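Below is one structure, written out as structure tokens; comments come after it.
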Amino acid sequence: MPVRTLGRMTKRVLLAKPRGYCAGVDRAVVTVEKALETYGPPVYVRKEIVHNKHVVETLTERGAIFVDEADEVPEGALVVFSAHGVSPAVHEQAASRDLRTIDATCPLVTKVHQEAKRFARDDYDILLIGHEGHEEVEGTAGEAPEHVQLVDTAEDVEKVTVRDPSKVVWLSQTTLSVDDTLIRVNQLKNRFPDLQDPPSDDICYATQNRQVAVKAMAAECDLVLVVGSQNSSNSKRLVEVALQAGARASYLVDYAREVDPAWLEGVETVGVTSGASVPDILVMDLLSWLAERGWPQVQEVTTANEKVAFALPRELRKVLASNDLKGSVR
Ligand code: SF4
């Protein structure tokens, strides 16, 4: 694509691909939409279905009610569990209140839950690398609280105590920085040389692909704008990865209107990407905003083509299939 030259400045936008929605987020958002269509509002959702302000606001307008805990949901009502997963205690709490549940936990988070359960059953100490307080970490740790220790910072590595150093495994949150996680693993391996790796990558394909794409363009960028919310782990990691990979500056914004024009002073190349919970319409808005301010040329930087898709939660598939059947015999 031709690059426009303004005076001595070559203003261009590099647009990362893949970016935005991953298969787990798409599935979770569609789950709430289908639940609203099928059962009518209100549909309760425990925690933000995905960590994106725009998605939560849009679903709220359509009749979703977001709550922090299952005990805020009226007895017998329908509640959707978010893509980040829940611990068994939350399932029990919902059952004790006779709630009807749809579990929109991403299958790749469920995979980490299964690993935690399996290693706990085999009596391992599990070192879970992740961010303290993040919902996903709470859900995974809740599968085997007596076996799991959270490792967030380098200081946490020093604090870990294990019963048998030959029976220790590390697992991780799905949305971490790949490079930072390797650093943490190496620190742990210095303390526990027999530390076992997870059976397969816990950091998911979408997190990894978005980091690879932003790395491929960051060194050429004076500024990298990441569209995403402050509570979105994978979006925040993209800012860090961009800076580590050579971008001169990088910021996280929910909307184009949050971009401070001062960030663009002296900038030729702007990199744009978005977190896994971000609808592409918000990226398109940002591109229009940049075009209006002198950056109309966009070059896509593609490092992978994603084709992953997940089936809707079983509870919902059953109802949708039976509705289809009723429709066809009418
Ligand atoms: S970021 Fe990864 S783990 Fe999280 S919802 Fe998307 S695919 Fe699933």
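The values are calculated or read from the model by the stated rules, or taken from the named source; none is laboratory data. Note that the structure is a prediction, hence the values are computed from the model and not measured. Using ideal geometry, Cβ is built from the backbone for each residue, glycine included, and neighbour counts are taken over all protein chains shown.
Descriptive notes on the structure:
- Filter pass, residue 210 being at negative phi, surrounded by 22 or more Cβ atoms within 10 Å (Cβ to Cβ) and either more than 16 Å from the ligand (Cβ to nearest atom) or not assigned by TED's automatic domain parsing to the domain that holds residue 88 (or both): yes
- The helices (runs of 4 or more DSSP H) found wholly in the range 73-150 and carrying at least 2 residues that are free of Cβ contacts under 8 Å to residues at least 24 places away in the same chain and more than 16 Å from the ligand (Cβ to nearest atom) occupy 88-96, 107-121.
- Residues of the range 154-170 that are of a type in the set (Ser, Thr, Tyr) and over 15 Å from residue 197 (Cβ atoms): 161 alone.
- Every pair of residues 6+ apart whose Cβ atoms lie under 7 Å, when the first sits in the range 253-270 and is in the same structural domain as residue 284 (by TED's automatic domain parsing) and crowded, with 16+ Cβ neighbours inside 10 Å while the second is among the polar types (S, T, N, Q) and outside any helix (DSSP H, G or I): 254/229; 268/10
- Total residues in the range 156-203 satisfying the condition of being in contact (Cβ under 8 Å) with a residue 40 or more places away in the chain, within 16 Å of the ligand (Cβ to nearest atom) and among the β-branched types (Val, Ile, Thr): the figure is 3.
- Just one of the numbered conditions (1) in contact (Cβ under 8 Å) with a residue 24 or more places away in the chain; (2) surrounded by 12 or more Cβ atoms within 10 Å (Cβ to Cβ) is not true of residue 239: (1).
- Test: residue in the range 230-241 that is in a loop (DSSP other than H, G, I, E, B) and hydrophobic (A, V, I, L, M, F, W, C): no
- Residue match in the range 293-305 (condition: among the hydrophobic types (A, V, I, L, M, F, W, C), crowded, with 17+ Cβ neighbours inside 10 Å and out of contact with any strand residue (DSSP E or B) (no Cβ under 8 Å at 6 or more places or on another chain)): no
- Just one of the numbered conditions (1) in contact with a helix residue (DSSP H, G or I) (Cβ under 6 Å, 6 or more places away or on another chain); (2) assigned to a helix (DSSP H, G or I) is not true of residue 323: (1).
- Of all the listed residues (233, 229, 200, 277), the sole one being polar (S, T, N, Q) and surrounded by fewer than 15 Cβ atoms within 10 Å (Cβ to Cβ) is 200.
- For residue 140, the stated conditions hold: it is in the same structural domain as residue 186 (by TED's automatic domain parsing) and within 24 Å of the chain's Cα centre (by Cα).
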